[in-house]
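Below you'll find the structure, written out as structure tokens, and then a few comments.
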Amino acid sequence: MSSDNAKVVVAIDGPAGSGKSSVSKAIARSLGYGYLDTGAAYRALAWRALDQDTDTNDDGSVTALLGSFDYAISLDPDAYWVRVGDTDVTAAIREPRVSSAVSGVARVPVVRERVNELFRSLITSAEAPGIIVEGRDITTVVAPDAPVRILLTAAADVRAARRSKELTGESTTDVAASLHKRDALDSQVVDFLEAAPGVVVVDSTDLDFTHTVEAVLDVIHNRTGDGDGR
């Protein structure tokens, strides 16, 4: 996907705990690009569902939430925020209870259609010369024509270990079980564990954060000429 003003779109997919968000933000800062965390929209809708005691196992109830889902997100990696109406939910959508409810709303086809339309609109309206868009089906559904499409992945045990360092009070075993459950549920809706044709795989299993960022920047430079000279 590219816009009329030749905006560079970098699509990054990957499983839970692969580092998509932190790596994408770092890339956006490095290149002066915008940053779109698509997972935040599903998390925000899950937060809304919990806030209104909505049954996330009922497709109709989840779909009904869309009518009053006043959602906004910053595309600035240095001033990141997420809002639902007048409520800042930037921190709230990262709570474990929300993480557990995300798959329940993300699996609904009507929700995905509506939210994907929102993502495309945000990409088109972004003012930066490029935008990093990360999620689950960005390379295949949201922006299949993006000039740069990457699958960022890592071994399951490595992803669990990294995520457990971010979460206090949760063991690596519990985090691993949670990641596996979420990946299993989400993979029923979209295949984000295998790279589609034309998608470059960056496996960070044996890479630290800095080297992972460098590897992604190398892909971007090879595809667009941007990202060089760092």
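Results, tabulated for the structure shown:
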read-out	value
About the Cα centre, charge dipole magnitude for the chain (Lys/Arg +1, Asp/Glu -1 at Cβ), debye	100
For the chain, the longest site-free run once chymotrypsin sites (Phe, Trp or Tyr not before Pro) in DSSP loop states with at most 16 other Cβ atoms within 10 Å are removed	82-230
Calculated SAXS-style log₁₀ I(q)/I(0) at q = 0.07, 0.09, 0.12 Å⁻¹ - the range 8-222, Debye, Cα scatterers	-0.19, -0.33, -0.60
Pairwise label distance in nanometres, Arg94 with Thr124, each label 7 Å out on the Cα-Cβ vector	3.2
Integer Hz, Karplus 6.51/-1.76/1.60 couplings in order for the range 31-46, x for Gly and Pro	9, x, 9, x, 9, 10, 8, 6, x, 4, 5, 5, 5, 5, 5, 5
Taking the range 8-222 and dividing mean pair separation by its residue count, relative contact order in percent (alpha carbons under 8 Å, at least six apart)	33
Amide N of the range 65-96 lying under 12 Å from the label point, which is placed 7 angstrom from the Cα of Lys181 along Cα→Cβ	96
Residue-span extension gain [Asp157 to Thr224] - 0.36 nm each, minus C-alpha spacing	20.8 nm
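Any read-out appearing in this document is the output of simple, stated calculations on the displayed coordinates, not a laboratory observation. Because the structure is a prediction, the values reported are computed rather than measured. No Cβ is skipped: glycine too gets one built from the backbone with ideal geometry, and neighbour counts run over all protein chains shown.
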